[in-house]
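The values are calculated or read from the model by the stated rules, or taken from the named source; none is laboratory data. Model, not experiment: these values are computed from the prediction. Note: ideal-geometry Cβ built from the backbone for every residue, glycine included; neighbour counts use all protein chains shown. Please note that ligands, DNA and RNA were not included when accessible areas were found on the heavy atoms of the full protein model with its side chains. Shrake-Rupley method; radii C 1.70, N 1.55, O 1.52, S 1.80 Å.
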Amino acid sequence: MTTTNKADAGLKQTIEQLIKAATNFDIETLDLIYHDDLEVIMIDNKDQKTIANKTAFSNLFKTKRDQKATALNTWAKFMHIKAFNNTGHVMLERKVNLTGVERTINLSIDLIWEDNRWQVIREVIFTQKNL
């Protein structure tokens, strides 16, 4: 995966910061990266859909922090990064354990350039199914 311009590189850097903040339950950094209008759509390996806003999704990480949970896996494989004007899109694969079991997930993340920084406005998470 290669990035072709400064904006694409900025998107990748923002997602790398997001991964670092999320895996270490750094709520203050997550608050800066997640847009106030964040929507997170999660489809699990049983095709069940959950939709969360910024508060609900941040609370997941706050709970992990408060329980002094072990830091999460930081592994990521970037598959697509593209900026266009003030919007961006990133697709990646991750290995995470948010529910007690480490799973491989695919993410489609939409970002917007606002307040002089990239912010995640939508995150679509698909848990890979066992075949």
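Can you name every residue in the stretch 33-59 that is surrounded by 15 or more Cβ atoms within 10 Å (Cβ to Cβ) and either of a type in the set (K, R) or closer than 22 Å to Q119 by Cβ (or both)? Step through it out loud before you land on a result.
Pass one, the stretch 33-59, residues surrounded by 15 or more Cβ atoms within 10 Å (Cβ to Cβ): 33-35, 38-40, 42-44, 52, 54, 57-58.
Hits for the stretch 33-59 are I33, Y34, H35, L38, E39, V40, M42, A52, K54, F57, S58.
Return the residues of the stretch 27-39 that are in contact (Cβ under 8 Å) with a residue 24 or more places away in the chain and acidic (D, E); say none if nothing qualifies.
From the stretch 27-39, those in contact (Cβ under 8 Å) with a residue 24 or more places away in the chain are 27, 30-35, 37-39; that's our starting set.
Within the stretch 27-39, D31, D37, E39 meet the criteria.
What tally of residues in the stretch 88-120 results from selecting those that are under 18 Å from V40 (Cα atoms), out of contact with any strand residue (DSSP E or B) (no Cβ under 8 Å at 6 or more places or on another chain) and of a type in the set (D, E)?
So the answer is 0.
Scan the stretch 43-56 residue by residue and report those that are touching a Phe, Trp or Tyr at 6+ places or on another chain (Cβ under 8 Å) and either in contact (Cβ under 8 Å) with a residue 24 or more places away in the chain or assigned to a loop (DSSP other than H, G, I, E, B) (or both). Step through it out loud before you land on a result.
As a first pass, look at the stretch 43-56 and keep what is touching a Phe, Trp or Tyr at 6+ places or on another chain (Cβ under 8 Å): 43, 54.
The answer is I43, and nothing else.
Residue pairs, Cβ under 6 Å, 6 or more apart or interchain, first in the stretch 3-22 and modelled with pLDDT under 95 and in a helix (DSSP H, G or I), second of a type outside the set (D, E, K, R) and surrounded by fewer than 17 Cβ atoms within 10 Å (Cβ to Cβ). List them.
Here the result reads A9/T3, each pair linking the stretch 3-22 to a residue that is of a type outside the set (D, E, K, R) and surrounded by fewer than 17 Cβ atoms within 10 Å (Cβ to Cβ).
Within the stretch 77-85, is there a residue that is in a loop (DSSP other than H, G, I, E, B) and open to solvent by 40 Å² or more (accessible area, probe 1.4 Å)?
Yes - at least one qualifying residue is present in the stretch 77-85.
Return yes when T63 is of a type in the set (S, T, Y), loosely packed, with under 13 Cβ neighbours inside 10 Å and in a helix (DSSP H, G or I) and no when it is not.
Working: of a type in the set (S, T, Y): yes; loosely packed, with under 13 Cβ neighbours inside 10 Å: yes; in a helix (DSSP H, G or I): yes.
For T63, the condition - of a type in the set (S, T, Y), loosely packed, with under 13 Cβ neighbours inside 10 Å and in a helix (DSSP H, G or I) - is met.
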